[in-house]
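Scroll down for the structure; my scribbles are underneath it.
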Amino acid sequence: MITIVYWRLIRPEKHMYDELRRQGVPGEPFIPIIGQLPQLNRARENNGTLAYLFSLSEKYGNYFLFSFGPLMRIMISEPDMIADVVGRSHVHDYVKPDVFGNIFKPLIGSHNLLVSEGEEHERARKMLNPAFHFINLKSMISIMVNETAKAIDSFFLSSDSNAIDLHRELSGLTLSIIMSSAFGQASSTRSNFNRTMYQTVNDVFEAIKYRIMHTITQIPFLARLPFWRKSVIDDGVQLIGDAVDQIITDRRQGRSASLCAGSDLLDLLLSAIDSDGKSFTDEEIKQQALTFVLAGHETTNNLMAWAMYVLMTNESALRACREEVDKVLPNCISPSHELISNLVVCEAVLQETLRLYPPAPIFARKCVREHVIGKEGQKQLRIPVGTTIVINSYTLHRRADLWSRPHEFDYTRWLRDPVTDLKPKLAHPFCYLPFAAGSRNCIGQNFAMLEAKIMLAMLLQRCDFVMEPGQNIVQEFIITMRPKYGIRAQVKSLSINPSTENIGSYKIEGKIIVPPGDNALENTRILIDEGLYIGIPQVDGTFVISGVPSGSYIVSVASPLHVFEPVRVDINAKGKTRARKVNFIQPGEVVTMKYPLNFETHGIPNYFQKREVYRLTDVIMNPMFLTLLVPLALLLILPKLASQDPEMQRDLQQASNFLQPNMNTPDIGDMFANMFGGPKKQKPTQSQNNGASGGISTAQQKRKIEAAKRRN
Ligand code: HEM
């Protein structure tokens with residue numbers, strides 16, 4: 001046993017330690033197995049793990065040796081060296097350290113972006129990069145807005161007098177945003193799914209942290225033993241995995257849909273293809289979707305909690321944000337894609353929060369091919385195979401030579417120059433790494449920033465926050481950096497500014513009534529003006545669409561299984577709402593209806609038309625046929641009538657002669673009469689002509705004689 005421990009845990013670590021020491025790397029002494037665990041635990045108890053690591057960088061400089069228990073690490077906060085580790089030129093020289101896989105593989109498997117390596121990672125990254133492009137994220141804005149509006153409503157409900165823990169409330173919100181974006185409808189309408197998933201995800205997260213804090217996950221042998229909350233993780237993972245399998249099957253078979261007008265993350269996963277045209281397997285889709293939840297939930301939650309903290313403790317920043325939100329999103333209008341890009345102060349506040357409180361303050365890479373890092377002409381290090389480099393962005397972001405007033409919260413450092421309109425230039429391209437850098441940087445950073453901007457703007461737009469006095473705000477670092485005891489605040493609904501009171505922001509609510517046992521609600525959405533705002537019904541059919549300004553809207557229900565009649569809803573400037581029948585011909589006509597709305601099914605939609613069958617009557621009754629038939633019948637009947645009535649016969653003859661200026665042209669009446677009207681008649685000669693016709697022939701004769709004279 002001792003030999004195994006020595007060969008597996010002590011010898012390789014000591015070898016690397018000595019190697020680096022020989023190159024002049026300073027650091028803490030090498031103590032087998034224990035390393036600097038006692039100091040680390042003491043720092044943790046005194047609530048300052050990151051501050052302790054920062055103090056070591058002050059003591060030793062921008063790279064030093066340190067052991068997390070048995071695991072010896074070189075900690076780096078030197079941008080030139082970091083560039084060599086994470087930059088594209090050494091992409092094949094590093095992998096993620098084993099401990100990373102030990103923590104995450106039991107949760108999300110090994111075929112996902114976070115833990116896969118080499119070609120598998122490159123392929124998946126290429127397939128998934130487009131999913132996080134701004135164009136695709138645009139369609140998920142409505143999910144972020146809707147979830148935030150719902151969460152704000154529950155802040156109001158719970159914040160009558162008691163303070164709430166912002167970190168906890170925001171955790172629920174970021175979890176619902178990422179789950180709704182990754183899994184769509186199932187996460188929103190199946191209350192059972194919601195409850196199970198939220199609770200299980202939280203339980204699993206807590207169990208992971210417990211095991212990391214107690215150095216269980218770091219030692220594979222201990223990690224496999226069925227103690228220390230292992231069953232919480234195993235059972236939770238099984239449960240979540242089964243639920244996600246079901247969601248994928250439902251989406252593939254069209255039984256569920258995204259919660260936005262366009263594609264959500266699951267749609268993008270299902271449609272992603274590699275350069276050979278191959279798509280992800282169901283197992284890969286499950287693991288990638290779970291990875292998004294794992295990587296995107298707590299990180300964004302922490303960013304938001306710290307952002308609220310800095311705003312509540314920094315009056316000028318809060319005022320600047322509020323002023324911007326009032327200007328860009330007046331009268332509580334919902335953030336749209338175009339408006340969000342104007343929230344530059346909010347964005348700067350978030351960037352500065354990420355600098356001082358990076359949610360993922362440390363990330364690591366293990367060297368698999370020996371090489372040299374550091375700028376030529378400066379200190380360079382030869383990194384032996386097996387060395388794990390820890391990049392400490394918390395320390396990097398607070399380096400006095402890279403940042404002016406490094407510990408001070410100053411969002412203006414991120415604003416464009418008012419004179420040149422140029423973006424501020426960083427001291428070094430690798431001095432700001434909240435989302436890491438290089439080929440393994442955070443794929444979800446655009447998603448996270450978009451989500452955080454929406455949450456921040458809507459919270460400031462609708463709520464007033466006052467921090468509860470006497471709190472101990474402590475940074476706790478276990479994988480992510482979060483406020484250990486939460487951040488408690490009094491939250492009040494902001495009263496609407498009197499000058500803008502006449503526009504307001506209101507909600508449209510109601511219920512969809514379908515026969516009992518019908519699961520149509522899962523695929524049903526409520527559309528305001530064909531999707532300007534979208535609502536999702538709860539399991540009982542009720543829905544609330546918040547953030548709707550005053551105006552007149554057509555509210556319709558889109559359902560694949562039922563037809564519902566649309567309703568016009570008018571919200572006046574004071575928020576008074578009425579519902580009335582839709583009348584496109586006389587829009588002013590008012591037939592009022594019940595409000596809150598009640599949508600009752602009007603039957604099943606007719607998706608198919610009956611195939612046409614050939615019938616003789618269809619040919620006969622065809623208008624073209626009829627138009628041909630009538631003149632034909634007239635032509636047949638008229639000569640018959642004429643032959644019986646001499647007067648009529650004479651009239652017809654007259655009309656025929658009138659229409660026949662040329663003697664050589666055959667008489668049409670006669671022609672038809674001959675064709676259809678019985679025995680052939682002799683064409684009358686000129687001498688037989690009499691009456692009116694005689695007048696015409698005489699004139700013609702005269703014209704002929706005159707013409708002959710002229711010729712002679
Ligand atoms: C403020 C929020 C966030 C922060 C600070 C953050 C930070 C990071 C960091 C530092 C890494 C590199 C980790 C490492 O190399 O060990 C990372 C990777 C990753 N993040 Fe984020 N993240 C955030 C939000 C998100 C969101 C919202 C998603 C997904 C929707 C996401 C998905 C991922 C994935 C999949 C990776 C692995 C990428 C790869 O290796 O190719 N993250 N993130």
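Give me the distance in nm between label points sitting 7 Å out from Cα along the Cα-to-Cβ direction at Glu119 and Thr313, one decimal.
My value for the distance between the label points is 5.1 nm.
Excluding residues fewer than 8 places away in the same chain, name every one of the lysines whose C-alpha is closer than 17 Å to that of Lys453.
Excluding near neighbours in sequence, the set is Lys138, Lys150, Lys327.
Using a Förster radius of 45 Å, what is the FRET efficiency between Asp245 and Val5 based on their Cβ-Cβ separation? Nearest 0.05, please.
It comes to 0.65.
With only alpha-carbon atoms in the gyration tensor, what are the semi-axes of the equivalent ellipsoid for region 1-64, in Å, largest first?
Semi-axes from the Cα gyration tensor: 24, 18, 6 Å.
Arrange the peptides 136-145, 14-23, 416-425 so that the one whose residues have, on average, the most other Cβ atoms within 10 Å appears first.
136-145, 14-23, 416-425
Over all pairs of distinct alpha carbons, what does the Kirkwood formula give as the hydrodynamic radius of region 256-310, in Å?
Taking the inverse mean of 1/r over all distinct Cα pairs, region 256-310 comes out at 13.3 Å.
Students sometimes get this wrong: rank Trp7, Trp228, Trp403 by accessible area, probe 1.4 Å, all chains present, largest first.
Trp7, Trp228, Trp403
Please list, in order, the residues from region 299-324 whose amide nitrogen is less than 11 Å from a point placed 7 Å along the Cα→Cβ vector of Thr412.
So the set is 317.
Heavy-atom accessible area of Glu565 with all protein chains present, probe 1.4 Å, nearest 10 Å²?
The value for Glu565 is about 80 Å².
Put +1 on the Cβ of each Lys and Arg and -1 on the Cβ of each Asp and Glu in region 498-600; which of Ile513, Ile536, Val591 then has its Cα farthest toward the positive end of the dipole?
Looking along the dipole axis, the top candidate is Val591.
Ile333 to Arg405: FRET efficiency via 1/(1 + (r/R0)^6), r the Cβ-Cβ distance, R0 51 Å, to the nearest 0.05?
0.90
I'd like the distance separating the alpha-carbon centroids of region 544-587 and region 299-330, in whole Å.
34
Can you divide the C-alpha Rg of region 106-176 by 2.2 N^0.38 Å and report the result to two decimal places?
Compared with the compact-globule rule of thumb, region 106-176 sits at 1.62.
Cut-off under 21 Å on the C-alpha distance; same-chain residues fewer than 8 positions from Lys209 excluded. Which lysines are left, in chain and number order?
Lys96, Lys105, Lys230, Lys484
Apply 1/(1 + (r/R0)^6) to the Cβ-Cβ distance of Gln380 and Asn41, taking R0 = 35 Å, and write down the FRET efficiency to the nearest 0.05.
The value I calculate is 0.55.
Taking the highest mean first, how do the peptides 245-255, 372-382 order by number of other beta carbon atoms within 10 angstrom per residue?
Those peptides, ordered most packed to least, come out 245-255, 372-382.
Quick check for region 498-600: number of Lys pairs with alpha-carbon distance under 17 Å, counting only pairs 8 or more apart or on different chains?
So the count of such lysine pairs works out to 7.
What's the Kirkwood radius of region 498-600 in Å, using all Cα pairs?
14.1
Over the Cα atoms of region 323-446, Rg to Rh with Kirkwood Rh, two decimal places?
Rg/Rh for region 323-446 comes to 1.07.
The values are calculated or read from the model by the stated rules, or taken from the named source; none is laboratory data. Remember, it's a predicted structure, so these values are computed and weren't measured experimentally. Glycine gets a Cβ as well: all are built from the backbone with ideal geometry, and neighbour counts include every protein chain shown. Remember, those area values only see protein heavy atoms, side chains included, never the ligands or the DNA or RNA. Shrake-Rupley method; radii C 1.70, N 1.55, O 1.52, S 1.80 Å.
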